[in-house]
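Below is one structure, written out as structure tokens; comments come after it.
The values are calculated or read from the model by the stated rules, or taken from the named source; none is laboratory data. Here the structure is a predicted model, which means the values were calculated and not measured. Cβ placement follows ideal geometry from the backbone for every residue including glycine, while neighbour counts extend to all protein chains displayed. For the accessible areas, the whole protein counts, side chains as well, though only heavy atoms, and no ligand, DNA or RNA atoms are used. Shrake-Rupley method; radii C 1.70, N 1.55, O 1.52, S 1.80 Å.
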Amino acid sequence: MVWPTEDDQKLDEYDAMDLPGQQLPAAHAHTPLDHILNLDIKSPAGCQRLTGIIATMGKSTTDVEVLEKMMSAGMNIALLNLSFGTKDEHLDTIKTIRQTAKNYSIKMEKVFPLAIAARLPGRKIRTGYISDSYGDSVELIAGEVVRLTTDETYKDRCSTYTVYVDFMHFAEQMSKGNYVLLDNETIQLKVEMISSTTLTCKIERGGFLGSYKDVFVPNVTFDMPNYTETDKMYIEMAVRNQLDILIASFVNSANAITELRHLMGEKGKKIAIVANIQTIEGFRNFDDILSIANGIMITRQELGSDITPKKLVIAQKNMIARANKVNIPICVSAHLLSSMRYNETPLRSELLDIGNCILDGADALVLSAETAVGQYPAATVACMATICKEAEACIWTKQIFEDFIEKTPLPCDQTTGAALSAVMAAQRSLAAAIIVVTSSGKSAQVVAKYRPRCPIIAVTRYAAIARQLHMWRGIIPLVYEADPSTDWQQDLDSRVNFCTKWAMGQGFIRIGDPIVLVSGWKQGSGSTNTMRIIYATADMANQ
């Protein structure tokens with residue numbers, strides 16, 4: 001979820017029964033067919049986007065002005081892909097992001113809680129450098145033969161005949177008949193002969209190969225460490241700079257997350273760990289990974305190669321549903337708006353794909369090369385924000401809420417009970433927002449699980465908590481900086497008025513609108529047990 005943007009609609013011209021994004025006849029339908037039949041193409045999308053947008057940093061995002069436009073358009077989390085660039089370049093990027101967020105906070109007159117995530121290279125295997133005599137790339141022609149070698153004498157002089165691969169045990173763990181995919185699967189090779197350091201392969205699908213391209217072998221799990229020395233260097237960098245989220249690549253088991261926590265140590269315990277599922281082994285061990293990770297990323301590129309593309313639709317829906325059930329935030333990566341790397345207008349199929357991800361239940365969506373090296377990074381974020389809001393209006397929230405109630409264990413705890421009551425009250429009162437007063441962010445996360453149709457404003461005194469709350473669908477994190485009051489009720493009222501005044505200024509709460517309030521009966525984390533409905537007043541707007 002992101003703060004309101006300049007592109008969002010205001011509520012001034014709507015009455016309570018015709019609020020943007022409600023699609024009430026469809027939302028409250030009793031059967032799947034009735035839900036779809038009642039979707040109204042003339043109904044406006046919601047004022048607030050509920051799905052998070054994670055944008056990858058790169059050459060196209062080094063400018064402060066571009067970053068600020070991306071924040072304004074709807075970027076929630078800035079992602080560093082540590083597979084590319086140097087440590088010094090990433091450190092510079094972190095400084096630039098934080099400075100831009102600080103500048104944008106001054107402009108907004110509120111702390112803008114932009115989160116920073118870093119994606120470790122992990123077990124990624126790459127080719128070497130194309131020899132200068134060949135230029136930037138070499139052409140591998142279908143039907144011909146090429147050698148893949150781990151001999152380091154070829155590391156900086158790859159050619160049409162020999163390509164270096166940077167995993168020293170690559171040849172000994174391969175078998176005749178295995179397929180090797182290069183550069184995002186654009187080139188496909190079939191292994192025909194194996195020696196101690198070299199694979200002789202037939203080129204089945206050719207193409208142009210540049211330097212340092214990815215190497216992927218479907219249905220083969222290599223015996224290699226979870227984290228390389230390069231990974232450990234970047235883990236130390238993430239901890240030293242206190243990033244918000246660390247994404248572990250090629251997670252095949254819960255042990256990889258346990259090992260990462262150990263490597264991060266005491267100083268890194270507040271950094272959220274997201275497990276990147278890219279292989280069939282990770283899919284098989286998904287429940288164990290869910291039990292220990294703080295979040296999940298589905299990278300469809302490698303996963304689709306490992307389980308075959310035709311099974312990807314099942315895998316995506318199944319994993320998202322399992323993550324939703326246990327309330328672990330989950331995001332989807334790869335090929336979401338690929339065409340916008342070069343074009344300002346996306347493909348219609350891409351828009352439908354984004355919509356499908358949201359209907360499946362994704363908490364956030366990841367933009368990769370589209371923003372990192374694309375020509376229109378800010379426009380790409382804005383485009384995704386727009387289609388997210390349209391898709392969110394199509395969600396059958398009534399049925400989803402009932403399904404999650406069925407899956408809630410009995411007896412539930414007080415926080416879950418308050419969250420259930422809040423979402424039900426928001427649905428029945430057509431609340432403009434749910435305000436959650438939280439210290440740790442946990443109560444806002446529980447409310448988000450039950451997928452309310454309105455935004456959840458989570459007010460906390462801790463900026464680090466606010467930044468990580470971007471991982472959950474529907475949460476607008478707001479940092480409250482005033483000193484605590486000795487009177488708990490007065491302190492609570494001050495925070496509620498702070499949220500309401502801000503939301504009214506942004507145009508998605510009006511005087512008289514119902515607001516559902518979730519809070520604790522006393523100060524401190526773990527005491528959330530109260531839900532009540534209040535109404536926005538002129539006094540709140542003027543305080």
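Of the residues examined, Ala379 is one that is in contact (Cβ under 8 Å) with a residue 24 or more places away in the chain and closer than 30 Å to Ser60 by Cβ.
When the range 78-112 is filtered for residues that are hydroxyl-bearing (Ser, Thr, Tyr) and either modelled with pLDDT of 95 or more or farther than 24 Å from Phe498 by Cβ (or both), the ones remaining, listed by number, are Ser83, Thr86, Thr93, Thr96, Thr100. Filtering the range 427-440 to residues that are open to solvent by less than 10 Å² (accessible area, probe 1.4 Å) and closer than 17 Å to Lys398 by Cβ leaves Ala431, Ile434.
The residues of the range 151-192 that are in a strand (DSSP E or B), without any contact (Cβ under 8 Å) to a residue 40 or more places away in the chain and open to solvent by 30 Å² or more (accessible area, probe 1.4 Å), listed by number, are Tyr179, Gln188, Lys190. Could you list, in sequence order, the residues of the range 71-95 that are hydroxyl-bearing (Ser, Thr, Tyr) and either under 27 Å from Lys213 (Cβ atoms) or over 22 Å from the mean Cα position of the chain (by Cα) (or both)? Across the range 71-95, the qualifying residues are Ser83, Thr86, Thr93. Within the range 357-392, the residues that satisfy the criterion of being out of contact with any helix residue (DSSP H, G or I) (no Cβ under 8 Å at 6 or more places or on another chain) and open to solvent by 20 Å² or more (accessible area, probe 1.4 Å) are Ser368, Thr386, Lys389.
Restricted to the range 229-265, and to residues there that are without any contact (Cβ under 8 Å) to a residue 24 or more places away in the chain and acidic (Asp, Glu), the residue that is least open to solvent (accessible area, probe 1.4 Å) is Glu236. In this structure, does Asp63 turn out to be of a type in the set (Asp, Glu), at pLDDT 90 or above and over 28 Å from Ile296 (Cα atoms)? So Asp63 fits the description; yes.
All conditions in (1) free of Cβ contacts under 8 Å to residues at least 60 places away in the same chain; (2) open to solvent by 10 Å² or more (accessible area, probe 1.4 Å) hold for Gly268, with the sole exception of (2). Among the residues of the range 204-220, not a single one is open to solvent by less than 30 Å² (accessible area, probe 1.4 Å), free of Cβ contacts under 8 Å to residues at least 60 places away in the same chain, of a type in the set (A, V, I, L, M) and assigned to a strand (DSSP E or B). One residue alone among Ile41, Ile53 is free of Cβ contacts under 8 Å to residues at least 12 places away in the same chain and of a type outside the set (Phe, Trp, Tyr), and that residue is Ile41.
Check the range 116-138 and report whether any residue there is over 30 Å from Ala466 (Cβ atoms), in a strand (DSSP E or B), open to solvent by 60 Å² or more (accessible area, probe 1.4 Å) and in contact (Cβ under 8 Å) with a residue 12 or more places away in the chain. Looking for residues that are over 30 Å from Ala466 (Cβ atoms), in a strand (DSSP E or B), open to solvent by 60 Å² or more (accessible area, probe 1.4 Å) and in contact (Cβ under 8 Å) with a residue 12 or more places away in the chain, one finds none in the range 116-138, hence no. Within the range 282-317, being open to solvent by 60 Å² or more (accessible area, probe 1.4 Å) and under 23 Å from Leu336 (Cα atoms) holds for Pro309, Lys310, Lys311, Val313, Ile314, Lys317. Pick from Gly374, Gly355: which is assigned to a loop (DSSP other than H, G, I, E, B), within 21 Å of Ala55 (Cβ to Cβ) and among the small types (Gly, Ala, Ser)? After applying the criteria, what remains is Gly374.
Kindly indicate whether Lys325 is closer than 21 Å to Lys407 by Cβ and either touching a residue at least 60 places away in the same chain (Cβ under 8 Å) or surrounded by fewer than 21 Cβ atoms within 10 Å (Cβ to Cβ) (or both). Yes: the conditions hold for Lys325.
Of all residues in the range 271-319, those satisfying the criterion of being touching a helix residue (DSSP H, G or I) at 6+ places or on another chain (Cβ under 9 Å), closer than 16 Å to Ser333 by Cβ and touching a residue at least 60 places away in the same chain (Cβ under 8 Å) are Val274, Asn276, Gly295, Asp306. Looking only at the range 453-494, residues that are surrounded by fewer than 22 Cβ atoms within 10 Å (Cβ to Cβ) and assigned to a helix (DSSP H, G or I) come to 10 in all. Here the range 400-417 is the region considered, the condition is being farther than 28 Å from Ala26 by Cβ and part of a helix (DSSP H, G or I), and the residue that is most open to solvent (accessible area, probe 1.4 Å) is Gln414. Residues of the range 56-76 that are farther than 18 Å from Ile475 by Cβ and buried (at least 24 other Cβ atoms within 10 Å of the Cβ): Thr56, Met57, Thr61, Leu67, Met70. When the test is whether a residue is of a type outside the set (Val, Ile, Thr), exposed (fewer than 14 other Cβ atoms within 10 Å of the Cβ), farther than 18 Å from Phe250 by Cβ and in contact with a strand residue (DSSP E or B) (Cβ under 7 Å, 6 or more places away or on another chain), Ala142 passes it. In the condition set (1) in a helix (DSSP H, G or I); (2) touching a Gly at 6+ places or on another chain (Cβ under 9 Å), Phe84 is compliant with all but (1). So, in the range 338-352, of the ones that are in contact with a Phe, Trp or Tyr (Cβ under 9 Å, 6 or more places away or on another chain) and assigned to a helix (DSSP H, G or I), which residue ends up surrounded by the most Cβ atoms within 10 Å (Cβ to Cβ)? It comes out as Met340. Among the residues that make up the range 77-84, is at least one of them closer than 18 Å to Ala117 by Cβ, among the aliphatic types (A, V, I, L, M) and surrounded by fewer than 20 Cβ atoms within 10 Å (Cβ to Cβ)? Within the range 77-84, not a single residue is closer than 18 Å to Ala117 by Cβ, among the aliphatic types (A, V, I, L, M) and surrounded by fewer than 20 Cβ atoms within 10 Å (Cβ to Cβ).
Considering only residues in the range 17-31 that are in a loop (DSSP other than H, G, I, E, B) and surrounded by fewer than 16 Cβ atoms within 10 Å (Cβ to Cβ), the one that is modelled with the lowest pLDDT turns out to be His30. Among the residues of the range 150-172, just one is more than 14 Å from Ser211 (Cα to Cα) and touching a Phe, Trp or Tyr at 6+ places or on another chain (Cβ under 6 Å), namely Thr150.
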